[in-house]
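K.L.:
After the structure tokens below, expect a handful of questions from me.
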Amino acid sequence: MTKNRLARLLGSAAIGIALTFSAAEAAEVEVLHWWTSGGEAAALNVLKQDLESKGITWKDMPVAGGGGEQAMTVLRARVASGEPPTAVQMLGFDILDWGKEGVVADLNEVAAAEGWDGVVPLALQAFSKYDGKWIASPVNVHSTNWIWANKAVFDKLGIAPPTNWDEFIAAADKIKASGLTAIAHGGQAWQDATIFDSVVLTTGGFDFYKKALVDLDQETLGSDTMKTVFDRMSQIRGYLDPNFSGRDWNLASAMVIKGEAGMQIMGDWAKGEFLNAGQKPGQDFLCFRFPGTQGNVTFNSDQFVLFAVGDEQKPAQVELAKAIMAPTFQSAFNVVKGSVPARTDVSDEAFDDCGKKAMADLKEAAGANHLIGSLAHGHAAPAAVKNAIYDVVTNHFNGSISSEEAVKQLMAAVAGAQ
Amino acid sequence: MTTATTIDSTIGWLQRQLPKLVLAPSFAVVLLFVYGFILWTIYLSFTESKMMPNYGFTGLSAYARLWAQPNWYVALQNLGIFGTLYIGICIGLGLLLAILLDQRIRIEGLLRPIYLYPMALSFIVTGTAWQWFLNPGLGLEKTMHEWGWTSFTFDWLINSDKAIYTIVIAAVWQSSGFVMAIFLAGLRGIDSELIRAAQIDGASSFAIYRRIVIPMLRPVFLSAFIVLAHMAIKSYDLVIALTGGGPGRATEVPATFMYSYTFTRNQMGVGAASAVIMLMTIAAVIVPYLYSELRERRHEQ
Amino acid sequence: MSSSAAAAPVAGGVGTAWLWRVAIYGALLLFAVIYLLPLFVMLVTSFKTLDEIRGGDMLQLPQQPTIEPWLNAWGTACIGLTCEGLKGYFWNSIRMVVPAVAISTLLGAFNGYVLTKWRFPGHRLIFAMMLFGCFIPFQVVLVPMAQVLGKLGIANSTPGLILVHVAYGLGFTTLFFRNYYEAFPNELIKAAMIDGAGFFRIFFRILLPSSGPIIVVTVIFQFTNIWNDFLFGASFAAGGSSPMTVALNNLVSSSTGVKEYNVHMAGAMIAALPTLLVYVLAGRYFVRGLMAGAVKG
């Protein structure tokens, strides 16, 4: 090798090494999430650009599938290998479970400096903190006890949004009689359970819901009220169309959007579908609380859990946590996502009518202590129990077992999963 | 001994050990990544691991929980149904296609890749395509309606009792071509002298196939059985892509059960117990085959 | 060369024989159509516009064909936050699969060679133990593998993924080569030894050159399995170095928004193209290789 060549080789090697080192020093966050669809990704992009303006690179780690199931598996592999991602999107009890494993970061400093304790509802904080330490930044609050209805269908049939169970059944009957599908639904376990949430709440009230699905009291689970709940679930099934099994939730929303169905019982991420189709709340579609659950909010909250990372990555991680909780981001993200901010001090200006109603409901429920986690979305009971209840609810909903049998199985399932 | 002879004998020893040294890394890798991990899983099945491994020994509690889950029985039953149908139909169909193709077909070169290509597709692709195909609102049923056959129903996919059979259909589609290929290879390896002798004796084609050809394919049957059995037990991707385990949990199989309990329900102990049962089932099938296989060789030699 | 049973005239004379031919061809073609149907549906859907998909029946040819979905899937579809389509992940898969296939095939060849031509006491047991590795379900080894990779420092990287696939491919590759070399005449080996050839020379000069068919079978099998794997790819290489299957899953499994079926199908076809190509081009060698004893009893 000639001297010149050697010199050049060494030179480029030196540059290469220097670049590698400087690249390692550049601030970087690795974020694991499952927000892969257009709307969600656009919402998350707001955060990415915010961080990039602060000089922090965003390493995206999307793993779609199963509403986060695959992502949780990948997370496990990463934690087992000793290299957790900087932040992970997570829901409910999973957050506390990971906190218990002792692999998460302590955010108390940032929380104190930014005053998080004062602006995040207590019911949410229950999931953002472990052992008194902040470990996650909540992004939003979704609530699940909503009904989304096609206004044209309601107007044509002279139906007003029902306020109790009997009115609800009467409305469904009317829609069914007119030849349309009364309730659009997707037959997947979590969707069945979403309906279950609301039916439990409307049948037994707030205290019953709490005793049964949060405290997991066996007597309550085996009570006659619970049997009524299952009977009502069967009743609802009578208003579905025959092809509901396995249908994705957004296709059920599409049925309501197109006027093929009257109502959908779904959380407020459904609003995104209606907005995407160019519909306006109050004009084309209606949003109202599940009849009988007014004044209560069953919620689930997406939070980013910050994992314990090396010292060089900590500053970037703190910036990420702060950016998530910033009011501007909270407003921008939630307007797109269909949920409401996790901070109670964000103005509702930018939100549409359903969003404004959601924020008002949240404040009211939080104030009256009627804000409670949704079972179907992992905020009432841990994963093992939640899935065990899924099994019973979905088996019953699909007609495999009777209501009495379902009550018995529910008691056994909850006991066996603890 | 002089240094020269010591070096010589060392080199000689190395040379004799060379084959084993070449084999050693592979064997070591297998020992660790297969047997080491199996032992790890067996150990975990005796703990109450929840989210991450917890190494406190708790005896058979995880197994007790496992057998108390109704889902587990559904999973085992489904494995039985799926496994039997999948293996049976694949072998039957593969053999039939191989025999047909062996009849000096002019377009064999065209047909063979057509039967074989499904094997090339990943389960996500297969599951997506078949899910669409079998969806009553979007797929075959709708097409039949549009073509005028309005009373046609094919709602197996969303029917709790019948959904498992849709998985059989998709899986057979995926693998029968491969079975056909190995039967075809086997058929072509049969000594034509035997066939000719039988023909001279006046045996009909059917009798020839039944009495001579098929019995001679015994080793191929066994190979096909092994490959198919292993795919049946491992079939996680296909079930998830096609039905997601549903409707409800009607198409749960041990592989999805194990995944669900380990990763989604944070009950790693129960998941490990189910994995051990799965491995025992696999061993029960594979070990006798391997034993008979390798024993026969000794006789041949 | 087909089995001579085919040449035997069926009782009943030439007329029936012709009927049989028709029946055989008919059956074969019917099966061919059934096998092709899903592929046809996928292809046809990937060239349609969304309106056409929603409105029409799935077997219909596209009335207004468009290659938008393909361009979209390759270059502009959003996988998570990056909207650059599948192309980056395609190359990730190639970068991962080629070394994994090469290494596992080479090792399998060596192993098969040793196990058949250099037998030592216990070789049968060793072989059986290696073979059992083919049957282990991947979910079982996920967590311990992550721990091991972490300790080795190659977790969440392409080399880590390559190691995983090599480890679990060794059983199959060893099986294929062992069965093949078993049938290889020992006289040639003995003659070479007498001429003074050593371990490696015999392998590279005598065995390897005649191993064409079995190499093809092994490469096809390994390529397909590794290319199509999802679980390991997602767990050990998520993010920028994800293989294609992970990206495809992200594309197809999004839980909100409009499902762009045409883009999904186009993406699935792109994911399947390499393996399909390999099967179509090397298909005939596959059968030849199988005949040469890959899966002989």
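The values are calculated or read from the model by the stated rules, or taken from the named source; none is laboratory data. Remember, it's a predicted structure, so these values are computed and weren't measured experimentally. Using ideal geometry, Cβ is built from the backbone for each residue, glycine included, and neighbour counts are taken over all protein chains shown. Please note that ligands, DNA and RNA were not included when accessible areas were found on the heavy atoms of the full protein model with its side chains. Shrake-Rupley method; radii C 1.70, N 1.55, O 1.52, S 1.80 Å.
K.L.:
So C:P209 clears everything in (1) in contact with a Ser or Thr (Cβ under 9 Å, 6 or more places away or on another chain); (2) part of a helix (DSSP H, G or I) except one condition, right? Which one?
P.N.:
(1)
K.L.:
Quick one: which helices (runs of 4 or more DSSP H) lie wholly within region A:86-158 and hold at least 3 residues that are within 14 Å of chain B (Cβ to nearest Cβ) and hydrophobic (A, V, I, L, M, F, W, C)?
P.N.:
A:93-101
K.L.:
Oh, and also: Restricting attention to region C:60-111, which residues are open to solvent by less than 50 Å² (accessible area, probe 1.4 Å), touching an Asp or Glu at 6+ places or on another chain (Cβ under 8 Å) and over 30 Å from A:L44 (Cβ atoms)?
P.N.:
The answer is C:P62, and nothing else.
K.L.:
Can you name every residue in region C:221-239 that is assigned to a loop (DSSP other than H, G, I, E, B) and at pLDDT 85 or above?
P.N.:
C:N228, C:D229
K.L.:
Considering only helices (runs of 4 or more DSSP H) fully contained in region B:45-126, which possess at least 3 residues that are more than 14 Å from chain C (Cβ to nearest Cβ) and open to solvent by less than 20 Å² (accessible area, probe 1.4 Å)?
P.N.:
Result: B:70-101.
K.L.:
For region A:233-254, enumerate the residues that are within 23 Å of the chain's Cα centre (by Cα) and open to solvent by 20 Å² or more (accessible area, probe 1.4 Å).
P.N.:
A:G246, A:R247, A:D248, A:L251, A:A254
K.L.:
Next question, about the same structure. What's the number of the condition C:A192 fails, among (1) in contact (Cβ under 8 Å) with a residue 24 or more places away in the chain; (2) assigned to a helix (DSSP H, G or I); (3) touching a helix residue (DSSP H, G or I) at 6+ places or on another chain (Cβ under 8 Å)?
P.N.:
(1)
K.L.:
Given (1) buried (at least 20 other Cβ atoms within 10 Å of the Cβ); (2) at the interface with another protein chain (Cβ under 10 Å from one of its Cβ atoms), identify the lone condition not met by C:L161.
P.N.:
Unmet for C:L161, out of (1) buried (at least 20 other Cβ atoms within 10 Å of the Cβ); (2) at the interface with another protein chain (Cβ under 10 Å from one of its Cβ atoms): (2).
K.L.:
Which of (1) open to solvent by less than 20 Å² (accessible area, probe 1.4 Å); (2) within 13 Å of chain A (Cβ to nearest Cβ); (3) hydroxyl-bearing (S, T, Y) does C:S241 not meet, given it meets every other one?
P.N.:
Going through (1) open to solvent by less than 20 Å² (accessible area, probe 1.4 Å); (2) within 13 Å of chain A (Cβ to nearest Cβ); (3) hydroxyl-bearing (S, T, Y) one by one, C:S241 breaks only (1).
K.L.:
Still on this structure: Restricting attention to region B:246-256, does a residue exist that is more than 10 Å from every other protein chain (Cβ to nearest Cβ), in a loop (DSSP other than H, G, I, E, B), aliphatic (A, V, I, L, M) and under 30 Å from A:A193 (Cα atoms)?
P.N.:
Yes.
K.L.:
Here's a follow-up. Which is of a type outside the set (G, A, S), in the same structural domain as A:A252 (by TED's automatic domain parsing) and free of Cβ contacts under 8 Å to residues at least 40 places away in the same chain, of A:K174, A:K133?
P.N.:
A:K174
K.L.:
Something else about it: Condition first: among the aliphatic types (A, V, I, L, M) and farther than 28 Å from A:L216 by Cα. Can you find one or more residues in region A:360-374 that meet it?
P.N.:
Yes, because at least one residue in region A:360-374 is among the aliphatic types (A, V, I, L, M) and farther than 28 Å from A:L216 by Cα.
K.L.:
I'm checking my understanding of the structure. Among residues of region A:373-385 that are at the interface with chain B (Cβ under 8 Å from one of its Cβ atoms) and assigned to a helix (DSSP H, G or I), which one is surrounded by the most Cβ atoms within 10 Å (Cβ to Cβ)?
P.N.:
Taking the candidates together, the pick is A:A384.
K.L.:
Is at least one residue of region B:180-187 in contact (Cβ under 8 Å) with a residue 40 or more places away in the chain, under 20 Å from C:A32 (Cα atoms), of a type in the set (G, A, S) and crowded, with 17+ Cβ neighbours inside 10 Å?
P.N.:
Among the residues of region B:180-187, at least one is in contact (Cβ under 8 Å) with a residue 40 or more places away in the chain, under 20 Å from C:A32 (Cα atoms), of a type in the set (G, A, S) and crowded, with 17+ Cβ neighbours inside 10 Å, which makes the answer yes.
K.L.:
Pairs please, first residue from region A:404-418 and facing chain B (nearest Cβ under 9 Å) and touching a residue at least 40 places away in the same chain (Cβ under 8 Å), second anywhere and open to solvent by 70 Å² or more (accessible area, probe 1.4 Å) and assigned to a helix (DSSP H, G or I), Cβ atoms under 8 Å, 6+ apart in sequence or on different chains.
P.N.:
So the pair list comes out empty.
K.L.:
Further question on the same structure: Is one or more of the residues making up region C:21-35 at pLDDT below 85 and open to solvent by less than 20 Å² (accessible area, probe 1.4 Å)?
P.N.:
Looking for residues that are at pLDDT below 85 and open to solvent by less than 20 Å² (accessible area, probe 1.4 Å), one finds none in region C:21-35, hence no.
K.L.:
Looking at region A:45-71, which of its residues are open to solvent by 30 Å² or more (accessible area, probe 1.4 Å) and on the phi > 0 side of the Ramachandran plot?
P.N.:
Passing the criteria: A:G55, A:G66, A:G67.
K.L.:
Further question on the same structure: Can you tell me which of (1) in contact (Cβ under 8 Å) with a residue 12 or more places away in the chain; (2) farther than 28 Å from A:N276 by Cβ; (3) surrounded by fewer than 17 Cβ atoms within 10 Å (Cβ to Cβ) is the one A:H370 doesn't meet?
P.N.:
Every condition holds for A:H370 apart from (3).
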